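First the structure, in the form of structure tokens, and then the observations on it.
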Amino acid sequence: MGVFTVLTRCIVQPLSVVDDELVLKVGMTFTTLEDAGKFYRNYAKAAGFSTRVRCTNRKGNEIKNQLITCSREGKWKSKISPTEKTNPTAGLNCLARIYIHTLKDVGAWIISKVVLDHSHPCCPSKAEMLKQHRELSMSIRRTIENNDEAGIRPSKTYQSFVAAAGGHREYNLVCGSFVRVNHHGQSTLLGCSLMKNEEIESFKWLFQCWLRCMGGNAPKGFLTDQCASMKRALEACMPTTVHRWCIWHIMKKIPSKLNGYKGHADIEQQMSHVVWNSHSKDSFDRNWNDFLLNFGLADNKWLSDLYEDRHIWVPIYLDHHFWAGMRSTQRSESMHSFFNKYITRNSSLIQFVKQYDNCLGSREQAERESDAADFHTVIPCATKSSIEAQFQDAYTHAKFREVQAQFRGKANCITRLKNSALGYSVYEVGEQVSSSIFDKFAVTYDSVAAEVKCQCLLFESRGILCRHALSVLSFEQVSQVSPRYILERWSKKVKRQHTHIKSSHDEPLMEPRSKRFDQLVFRSQNICEFASESEELTAILHHAYDKVMAEMEALKAKRKGTSSLSHEDANLESVNELQSLPRIRTRGRPKNRLGSKLEKQIANATKKKKTKVLSELMRECYIQINLFDAASAAHSNCSQYQGQVINYQLRVPAAGDNSLGV
């Protein structure tokens, strides 16, 4: 329903300190090579990097020494030219490593060389995203296998792990989402609203509530669909916010609004050309009037109303504001589609609230994974430009790819100096969009202020320097751009404040007994996995379990008769259970068509026939089960752990009988 973007403050991510007990030192000895490698991997996880075996020297079948390095050691070069495709690479010539060799006389392994310094920053909070540190435990692996055998879908299994770790129209409620764009260009859900209707007063109430949640700070820009009620409510509640209509919805209406005119296909094409290729307000007004006169549309009310509201939907009137690349409500609609993974049209309001947390957690997980990819890999430059290297060092992968697209597009631009005075130059950049068509853009460059500005307004609206400006900078032989063109908004070296706030999906509300149970299960998984390696270890664990069980039963018997309900349990039980709203019958005809009298008679006859067949099946099953129970009563001396088996006798269906006999 509503989409807006807000620039948030950022804080630099602090460096971590690894516990001294995990740090490797020269002279450390280990019983096996595997123990040494495991110790280094544990240190790597705590420090925030991953390892790999660089080389292993053998004598026959015996390993003599081994070199284990940081996974970012070396420098990998793709066979594909960077101008064609730029894949992220982890290699940064990192020298962090350990060297292990065997002590023949002692039968142990010793570390003879340790290098702990890295050529890149390390981040422990992102270590879990690295492939080496994402192993499945035996407990999780067995759960996946059991669920797969039971026919449970992988998506449901995944959601169960997420829960363990941490259509609304049936209520006649309108759902709207507030969406913004993060530094990866991903859609981020800020909040949702459920309203009874879409009247002006309802929207006013919604926006006032939103302002209270945001501390009274109105967003700089707000993008919505073409809703008159929302427009008036925004003008009243957020007068300083720039309101923008979704241009996609407007252009989509052209066929239905102008279909009655002759040559409507040409009308649609020409209108799109006027909207997208007018590089100034004056040129848009001039081109629009020519468009109306050429097709005889001067009296069309829909086009006249659009022209009156041109300041809230035509790109040239809005692109001097920052929109993070948003021009349509597609992000909001894609977020609604994303919600469909978690809820259905039959979901209750309570289920919606619970699944909302899952949706938030999923979006935050996607952002953390992108942060980890930016931290541990590098996209190589496609050109030799030092300006491109500036953006490579600062921007996230997603935004750097957008910058690279502009560098590649610079090859289609021809720069010509029109005039220059006192360090202020005006250029005309012609971009070849086809074999015979050039689009011309005016670009100004101030060498004193190190400022470049293009007529296309790409940097102002998206925060990405356009190919026309880059072409002028190249013409002026500028080696470094001003810091004002490297936005902190797209930086990969900052961490936003909201990631430090503990949210509801980080620690879901559950009764204390369930919370204690989950904690015990989590701790016991490692013990069970370790004990399952041999019969001796398993026997030790069984003995310990029996001993602990006896102690707990004795303690429970001692406390029998006293109240064991904790203060936390009592507080949680005193909370009233949240009830869902009663379902409201929607307006219009029901989903099922009212049948005729004959159709009802046929349905009743079919129902009676099915009931008769089912009763016969149940009676025959009952006879077979009783016969089996009578026969099995003679064998009552079997083990107390032997369970009864019910035998279902199959019979051959008679001719014309469509039921399956049991």
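The values are calculated or read from the model by the stated rules, or taken from the named source; none is laboratory data. Bear in mind that the values here come from a model prediction, so they are computed numbers and not experimental data. Neighbour counts run over all protein chains shown; Cβ positions are idealised from the backbone, glycine included.
Odds and ends about this structure:
- Note on region 222-237: among residues that are surrounded by 19 or more Cβ atoms within 10 Å (Cβ to Cβ) and in contact with a strand residue (DSSP E or B) (Cβ under 9 Å, 6 or more places away or on another chain), the one that is farthest from Lys301 (Cα to Cα) is Phe222.
- Entirely in region 509-590, the helices (runs of 4 or more DSSP H) that have 3 or more residues that are under 30 Å from Gln355 (Cα atoms) and either more than 41 Å from the chain's Cα centre (by Cα) or at pLDDT 50 or above (or both): 512-531, 567-573
- Residue match in region 226-235 (condition: among the charged types (D, E, K, R), at pLDDT below 85, over 30 Å from Cys94 (Cβ atoms) and not in a loop (DSSP other than H, G, I, E, B)): no
- Across region 489-508, the qualifying residues are those that are modelled with pLDDT of 60 or more and assigned to a loop (DSSP other than H, G, I, E, B), and the one among them that is farthest from Glu460 (Cα to Cα) is Lys493.
- Residues satisfying the stated conditions in region 101-140, i.e. aliphatic (A, V, I, L, M) and assigned by TED's automatic domain parsing to the domain that holds Asn65: Leu103, Val106, Ala108, Ile110, Ile111, Val114, Val115, Leu116
- In the set Phe407, Phe438, Phe400, only one residue is surrounded by 13 or more Cβ atoms within 10 Å (Cβ to Cβ) and at pLDDT below 90; that residue is Phe438.
- Unmet requirement for Thr415, which otherwise passes all of (1) over 38 Å from the mean Cα position of the chain (by Cα); (2) part of a helix (DSSP H, G or I): (2)
- Within region 249-286, tally of residues that are more than 36 Å from the chain's Cα centre (by Cα), over 16 Å from Ala298 (Cβ atoms) and of a type in the set (A, V, I, L, M, F, W, C): 2
- Checked against the criterion of being surrounded by 16 or more Cβ atoms within 10 Å (Cβ to Cβ), at pLDDT 75 or above and either of a type in the set (Val, Ile, Thr) or at negative phi (or both), the candidates Lys126, Lys104, Lys113 yield just one match: Lys126.
- The sole residue among Ile80, Ile11, Ile68 that is surrounded by 12 or more Cβ atoms within 10 Å (Cβ to Cβ) and either at pLDDT below 75 or not assigned by TED's automatic domain parsing to the domain that holds Met214 (or both) is Ile68.
- Cβ-Cβ under 6 Å pairs, at least 6 apart or on other chains, region 77-103 side farther than 30 Å from Lys59 by Cα, far side at pLDDT 70 or above and part of a strand (DSSP E or B): Thr89/Val378
- The single residue among Gly185, Gly176, Gly216 that is surrounded by fewer than 17 Cβ atoms within 10 Å (Cβ to Cβ) and either closer than 19 Å to Ser328 by Cα or not aliphatic (A, V, I, L, M) (or both) turns out to be Gly216.
- Hits in region 103-149 - residues which are among the hydrophobic types (A, V, I, L, M, F, W, C) and over 26 Å from Leu520 (Cα atoms): Leu103, Val106, Ala108, Trp109, Ile110, Ile111, Val114, Val115, Leu116, Cys122, Cys123, Leu130
- Where Lys45 falls short, out of the listed (1) outside any helix (DSSP H, G or I); (2) at pLDDT 85 or above; (3) crowded, with 16+ Cβ neighbours inside 10 Å: (1)
- All conditions but one from (1) within 30 Å of Glu128 (Cβ to Cβ); (2) modelled with pLDDT of 80 or more; (3) over 14 Å from the mean Cα position of the chain (by Cα); (4) among the basic types (Lys, Arg) apply to Arg368; the one that does not is (3).
- Selection within region 381-399 - out of contact with any helix residue (DSSP H, G or I) (no Cβ under 8 Å at 6 or more places or on another chain) and in a loop (DSSP other than H, G, I, E, B): Lys384
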